[in-house]
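The values are calculated or read from the model by the stated rules, or taken from the named source; none is laboratory data. The shown structure was predicted, so the numbers you read here are calculated from the model rather than taken from an experiment. Counting neighbours? That spans all protein chains shown, and the Cβs are built from the backbone with ideal geometry, glycine included.
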Amino acid sequence: MEFNNEFYELEKSLSRAGADYKNISVPNDLEKKLEKVVKRAKRIHRFCIPAAAAAAMLTLVILPNTGAGVAYAMGNIPVVGRIFQAVTFRNYQYEDGRFIANVQIPQITLSDIGMETASSKASSELNETIKQVNFDIERMTEELVAEFEASAALGESYNDLEIHHETVTDNGRYFAIRLFIYQGAGSGTQSYQIYTIDKLSGRQIQLKDLFLEGSDFNTRLSENIREQMREAMAEDAGKAYWVDREENPGMNWKGLKEEQNFYFDADNNLVIAFDEYEVAPGYMGAQEFTVEKDVYEDLLK
């Protein structure tokens, strides 16, 4: 891929500016953090940037000088051509003493800041995927709001509804948004809805899509999570999970579902999310378990 002349000139300017940083000390912990960011960022494809995007690179130069290590790290972060965001486009709030609702309805947006590199087919599929995910989110949240309003109209008992969202993965390959849902009517229930999008294929993916066909990833991941449950219960008598229940083996957790909620954390470890009552009694609430990447790396596609 050929870079335009403006980019070459910018690279030269940054290189010359880097010399001015070399005599400035940098805190060890900050330099280590930035080096970690650089290692992750290098996994992202490097994009060609036009003149309009060069202004974003210049922002790096005018930030306060914090040392040679910082300058080096900033100069080695690739430019990402697209920005994924999860934004709240509608809020719903209600309160009358017995009925309380606080709902954020998010929408995924996609902005281009550099030259397009994905194929037209993948790009088109990505746009369609985002539209579908946004439609699903809006439909689901509006159904929950409608149920809440119907309950409030009857004026009986109590009811709470809370929905909020968080971007839990945004790396060179995947973007994931997690919705946390709480419904309270006498006793409350917590659940998750996580949407994970493969930026390269443009598709929304399930857990099985990460692994080689025929690999027994479910058994390996499930057993790792069972071991974490056992360790947690051994350390804290107040914790309980549906595992090793000899008096009632039918209640034991059977393993991951095909549509299991998941995302990747900042270190590319796999995080598996469970709704309330899925793997533990109700008082434990919704649960998440982190499976270290070395447990499953050899099974990935």
Members of segment 148-169 found to be at pLDDT below 95 and surrounded by 15 or more Cβ atoms within 10 Å (Cβ to Cβ), listed by number
148, 149, 151, 152, 159, 160
Looking at residue 295, is it touching a residue at least 24 places away in the same chain (Cβ under 8 Å) and in contact with a helix residue (DSSP H, G or I) (Cβ under 6 Å, 6 or more places away or on another chain)?
yes
Filter pass, residue 267 being part of a loop (DSSP other than H, G, I, E, B) and within 22 Å of the chain's Cα centre (by Cα)
yes
Can you tell me which residue within segment 218-231, out of those that are touching a residue at least 40 places away in the same chain (Cβ under 8 Å) and crowded, with 19+ Cβ neighbours inside 10 Å, is farthest from residue 84 (Cα to Cα)?
229
Reported set for segment 170-198 where residues are surrounded by 17 or more Cβ atoms within 10 Å (Cβ to Cβ), β-branched (Val, Ile, Thr) and over 19 Å from residue 132 (Cα atoms) is 181
Unmet criterion (only one of (1) among the charged types (D, E, K, R); (2) assigned to a helix (DSSP H, G or I); (3) without any contact (Cβ under 8 Å) to a residue 60 or more places away in the chain) for residue 244
(2)
Please verify whether segment 279-286 includes one or more residues that are of a type in the set (Phe, Trp, Tyr) and crowded, with 16+ Cβ neighbours inside 10 Å.
no
Here the qualifying pairs (Cβ atoms under 7 Å; residues six or more apart or on different chains; first in segment 186-211 and under 22 Å from residue 293 (Cβ atoms) and charged (D, E, K, R); second modelled with pLDDT of 95 or more and part of a strand (DSSP E or B)) come out as 198/174; 199/174; 199/175
